[in-house]
1. Could you look through the range 26-59, keep only residues that are surrounded by fewer than 18 Cβ atoms within 10 Å (Cβ to Cβ) and among the aromatic types (F, W, Y), and pick out the one that is modelled with the highest pLDDT?
2. Sort out which residues of the range 139-177 are of a type in the set (G, A, S) and open to solvent by 50 Å² or more (accessible area, probe 1.4 Å), and write them in order of number.
3. For the range 115-144, enumerate the residues that are touching a helix residue (DSSP H, G or I) at 6+ places or on another chain (Cβ under 6 Å) and either among the polar types (S, T, N, Q) or in contact (Cβ under 8 Å) with a residue 40 or more places away in the chain (or both).
4. Regarding E172, is this residue charged (D, E, K, R), touching a His at 6+ places or on another chain (Cβ under 9 Å) and under 23 Å from Y74 (Cβ atoms)?
5. Does M125 fit the bill of being hydrophobic (A, V, I, L, M, F, W, C), open to solvent by less than 60 Å² (accessible area, probe 1.4 Å), at pLDDT 95 or above and within 22 Å of H48 (Cβ to Cβ)?
6. List the strands (runs of 3 or more DSSP E) that sit entirely inside the range 56-160 and contain at least 2 residues that are β-branched (V, I, T).
7. Please enumerate the residues belonging to the range 96-122 that are surrounded by 20 or more Cβ atoms within 10 Å (Cβ to Cβ) and closer than 26 Å to K166 by Cβ.
8. Considering the range 161-187 alone, what residues qualify as being assigned to a helix (DSSP H, G or I) and free of Cβ contacts under 8 Å to residues at least 24 places away in the same chain?
Amino acid sequence: FIDAHTGALRFDQPRSLQGFDLDIETGNHHSPTSNYCHMWWWTTDDDHWCDENGCNSSADTEGWNAYKNAKKVYNYWKVYLGRDSYNNKGGKIQMYIHGGTNWANAHFVCNRLEFGDGYPVLDIMAHEFTHWVTDKTSNLIYKNESGALNESFSDIFAAFTDWQDKNWLIGEDLPGGAIRSLADPTI
């Protein structure tokens, strides 16, 4: 990006992301086969849609949006923070979209991201990805004060990653709108 007034380089984004490794699958609106780690991989309820090179012809619009947002999240951490994926070793970003039936949520669990319909929007994806980074770096116990720190770190990096909106809202692109405001936590 070049400043139109001064001609100065403002931001340089690489065309190809070195180390970017991705696997997006759809849960086809089914529930996982197990409550432990939400196991999908031995069922026929999941289908591979996207990798680091793009999506196949089976992917729907939400699959393509998840792909674009995963690239943006990876690129934010790589360019601005010098971190190569969640583990700083180019770890494969694995995720399921269209998880469950009417599941309006997202989470990081057992080294992958899972999203209900409408939830792989940029700041929610960045929020969940940051949980993954936190898990690999500090392994905060998800309880009491350390759990609150874990959530706050994820919200802050979600807002930074999605800063083109220039607001402190989390989830403003979700079907039901924003779920939190960092500028006004009482909302």
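The values are calculated or read from the model by the stated rules, or taken from the named source; none is laboratory data. The shown structure was predicted, so the numbers you read here are calculated from the model rather than taken from an experiment. Positions of Cβ are backbone-derived with ideal geometry, glycine not excepted, and every protein chain shown enters the neighbour counts. Please note that ligands, DNA and RNA were not included when accessible areas were found on the heavy atoms of the full protein model with its side chains. Shrake-Rupley method; radii C 1.70, N 1.55, O 1.52, S 1.80 Å.
1. Of everything passing the filter in the range 26-59, Y36 is modelled with the highest pLDDT.
2. Of the range 139-177, the ones of a type in the set (G, A, S) are 146-148, 152, 154, 158-159, 171, 176-177.
Passing the criteria: A148, G176.
3. If the condition is that a residue be touching a helix residue (DSSP H, G or I) at 6+ places or on another chain (Cβ under 6 Å) and either among the polar types (S, T, N, Q) or in contact (Cβ under 8 Å) with a residue 40 or more places away in the chain (or both), then P120, L122, D123, M125, A126, H127, F129, T130, T134 are the ones that fit.
4. Values: charged (D, E, K, R): yes; touching a His at 6+ places or on another chain (Cβ under 9 Å): no; under 23 Å from Y74 (Cβ atoms): yes.
So E172 fails the test.
5. Details: hydrophobic (A, V, I, L, M, F, W, C): yes; open to solvent by less than 60 Å² (accessible area, probe 1.4 Å): yes; at pLDDT 95 or above: yes; within 22 Å of H48 (Cβ to Cβ): yes.
When the stated conditions are applied, M125 passes them.
6. On the way: elements: 93-97, 106-109, 112-115.
Qualifying strands (runs of 3 or more DSSP E): 93-97.
7. So in the range 96-122, the residues surrounded by 20 or more Cβ atoms within 10 Å (Cβ to Cβ) come out as 96-99, 106, 108, 112-116, 119-122.
Result: A106, L113, F115, Y119, P120, V121, L122.
8. So in the range 161-187, the residues assigned to a helix (DSSP H, G or I) come out as 161, 163-165.
Passing the criteria: W163, Q164, D165.
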